[in-house]
1. Show which lysines lie in cross-link reach of LYS142 when reach means a straight Cα distance below 20 angstrom and same-chain residues fewer than eight apart are skipped.
2. I'd like to compare 30-36, 89-95: which one has the highest average count of other Cβ atoms within 10 Å, and what's the full order after that?
3. In straight Cα distance, which aspartates and glutamates are under 12 Å from LYS157, not counting same-chain residues fewer than 8 positions off?
4. Do you know the relative contact order of segment 25-156, to the nearest whole percent, from alpha carbon pairs under 8 angstrom that are 6+ apart?
5. Do me a favour and compute the ellipsoid semi-axes for segment 25-156 from its Cα gyration tensor, root of five times each eigenvalue, largest one first, whole Å.
6. Calculate one ³J(HN,Hα) per residue across segment 59-66 by plugging θ = phi - 60° into the Karplus curve 6.51 cos²θ - 1.76 cosθ + 1.60, and present them in order as whole Hz with x for glycine and proline.
7. Each residue of segment 134-144 in order: what ³J(HN,Hα) in whole Hz does its phi give by Karplus 6.51 cos²θ - 1.76 cosθ + 1.60, θ = phi - 60°, with x for Gly and Pro?
8. Can you work out ³J(HN,Hα) from phi for every residue in segment 46-55, in order, using Karplus 6.51 cos²θ - 1.76 cosθ + 1.60 and θ = phi - 60°, giving whole Hz and x for Gly and Pro?
Amino acid sequence: MNRNLAAALALVFLSCAPYTVRLGDEGDEEQLLALHEEGLQAHRASDIDLLLKAEEDDYVVSSAGGVSHPDKDDRRQFLGPYLESTRFSVYRDQIPPIVKVSRDGSLGWVVVQIEARGDQTQPDGNVETLEFVSSWIELYEKRNGRWVRIGNVSNFKPPTN
């Protein structure tokens, strides 16, 4: 009787194992941090190709009270002119990024808060100072062994007067 009870308990514990053991690769969090740093570098270098390198077409954006699904070309057309006209002197993390990976290793997210300062050339040629604090959540999915950015939820800290 004790042997049967022990066997039954062992089966119960083993059946729960997939829900308690992380199946993702070692280093997933470091890979997500590296992708986040690549995005920061893209802003500092005004490089739209680097910014979009880890992104896919099936992308979702939540910002300013709305949700959209811009494909990569839409994001390039929207962000490209912004990056071309902006030179950041500062674009860095204000707090250490918070990185999480799902237990099965298929999804990840990075929560960040950055500070930015620089100059932006307006269409009329005037150069204006740009300064802001923003926070966002980068959403990632592992596809074919590679992390890709599939979404972003962002907001800006209101300026203090």
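Any read-out appearing in this document is the output of simple, stated calculations on the displayed coordinates, not a laboratory observation. It should be emphasised that the depicted structure is a prediction, and the values quoted were computed from it without experimental measurement. Cβ coordinates were reconstructed from backbone atoms using ideal geometry, including for glycine residues, and neighbour counts include every protein chain displayed.
1. Cross-link targets: LYS53, LYS72, LYS100.
2. Per-residue mean Cβ counts within 10 Å order the peptides as 30-36, 89-95.
3. Those aspartates and glutamates meeting the cut-off are GLU115, GLU131.
4. On the way: 248 pairs, mean separation 32.0, N = 132.
Contact order relative to length: 24 percent.
5. Values: eigenvalues 139, 53, 35 Å².
Value: 26, 16, 13 Å, ordered largest first.
6. 10, 10, 10, 10, 6, 6, x, x
7. 9, 10, 7, 10, 8, 9, 10, 9, 8, 10, 6
8. 6, 10, 5, 5, 5, 4, 8, 3, 9, 9
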